[in-house]
Amino acid sequence: MQDHLVIAGKRYTSRLLVGTGKYRDLDQTREALARSGAEIVTVALRRVDLSGKGPNLLDAIDRERYTLMPNTAGCYSVDEAVRTLRLARELGIAGLVKLEVIADPKTLLPDNEGTLEAARILVKEGFVVMPYVTDDPVMCRKLEQAGCAAVMPLAAPIGSGLGIRNPHNIRLIRELCKVPVIVDAGVGTASDAAIAMELGADGVLVNTAIAQARDPLLMAEAMRDGVLAGRKAFLAGRMTMQAHANASSPMAGLIE
């Protein structure tokens, strides 16, 4: 089945995007990425040691194999986020970027207005922007209109593992936006990823649910399979839900 995720004109076979935080070490990070089947990998720039004095997270990412998507995790203002991605561009790692402008250190919920402002600046400077945002259909449409290559609404707060709290809004976002919709944050297990895909999401970004699983490598495989199963179910089209039973074997034509 030829069914690709297309972002800014580039085609990807996998619809699972993965993060690189919270793994035990670089070897586990490298193996989890491989088992996930992901082709887009995101890295928090503010948590990467760029001094060259020791092992670097970027060393675990094969740039020939993966599209590196630096992100602005930990940025609490438009200026911080924009400066961080300009630095990434100077380092040659900012073709595709994930924009995060966080509003509150406790909930880690995004500052939607700040995200929109930063997105407009970055798009004008030629960045391919994928913004992390609340599951607000109107804000997602504004980000699309600002020129973002995709929108990344949360399923639940970052790292919570609560799954999709508002499936109706994910459906609305998919209905309103023509750019890819990538469900980001709050996915806890493979069934959450499958549900996101069944709702019509174009992809899912997962980090904590893999890295903090009892067996991260096995969970990476589970997430890969969950995304694939959910996508196939969405394309297949689920049966109509009914209030009453409907026999699997029709009664018509039964021999007396």
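Residue by residue through the range 138-146, which ³J(HN,Hα) values in whole Hz follow from phi under the Karplus form 6.51 cos²θ - 1.76 cosθ + 1.60 (θ = phi - 60°), with glycine and proline marked x?
Values, residue by residue: 5, 5, 4, 5, 5, 5, 4, 5, 6 Hz.
To the nearest 20 debye, what charge dipole does the range 175-233 have about its Cα centre, counting +1 at the Cβ of each Lys and Arg and -1 at the Cβ of each Asp and Glu?
80
Along Cα→Cβ, 7 Å out, is where each label goes; now give me the distance between the ones at Ala233 and Leu217 in nm to one decimal.
According to this spin-label approximation, the distance is 2.8 nm.
Output the peptides 29-40, 170-181, 187-198 sorted from most to least packed, where packing is the average of other Cβ atoms within 10 Å over each peptide's residues. Don't skip to the answer; put the middle values down first.
Details: 29-40: 20.7, 170-181: 18.5, 187-198: 23.4.
The densest-packed peptide leads the list: 187-198, 29-40, 170-181.
Using Cα atoms only, what is the angle between the long axis of helix 78-90 and the major principal axis of the chain, expressed in degrees (0 to 90) to the nearest 10?
Result, in degrees: 80.
Can you compute the modelled spin-label distance between Asn246 and Lys124, with each label point 7 Å from Cα toward Cβ, in nm?
5.4
For Leu87 and Glu113, what is the calculated FRET efficiency with R₀ set at 35 Å and r taken between the beta-carbons, to the nearest 0.05?
With a Förster radius of 35 Å, E is 0.90.
Hey, could you pull the Cα Rg and Dmax for the chain, both in Å?
Cα-based Rg and Dmax for the chain come out at 19.4, 83 Å.
Pairs of alpha-carbon atoms within less than 8 angstrom and 6+ residues apart define the contacts here; what relative contact order does the range 21-94 have, in percent?
With pairs under 8 Å counted, the relative contact order is 31 percent.
Would you please give the residues with an amide H less than 5 Å from that of Ile7, counting only those at least 5 places away or on a separate chain, with H modeled from the backbone geometry?
Tyr12
Using Cα springs under 10 Å in a Gaussian network model of the chain, which residue among Ala236, Ala245, Ala211 shows the largest mean-square fluctuation?
The residue that fluctuates most here is Ala245.
Specify whether the C-alpha gyration tensor of the range 43-161 places it in the rounded, prolate or oblate class, a ≥ b ≥ c being the square roots of the eigenvalues: rounded for a/c under 1.5, otherwise prolate if a/b is larger than b/c and oblate if not. If you can, show how the numbers build up before the last one.
Details: a/c = 1.76, a/b = 1.42, b/c = 1.23.
Since a/c reaches 1.5 and a/b is larger than b/c, the shape of the range 43-161 is classed as prolate.
Full-extension gain between His4 and Leu162, please, as 0.36 nm times their residue separation minus the C-alpha to C-alpha distance.
Working: separation 158, 0.36 × 158 = 56.88 nm, distance 2.79 nm.
Answer, rounded to one decimal: 54.1 nm.
FRET efficiency for Asp59 and Glu175, Cβ-Cβ distance as r, R0 = 45 Å, nearest 0.05?
0.60
Explain nothing, just the number: relative contact order of the chain, from Cα pairs under 8 Å at least 6 residues apart, as a whole percent.
17
Coordinate-derived values only; no laboratory data. Computed from a predicted structure; not experimentally measured. All Cβ positions, even for glycine, are placed from backbone atoms using ideal geometry, and neighbour counts span all protein chains on display.
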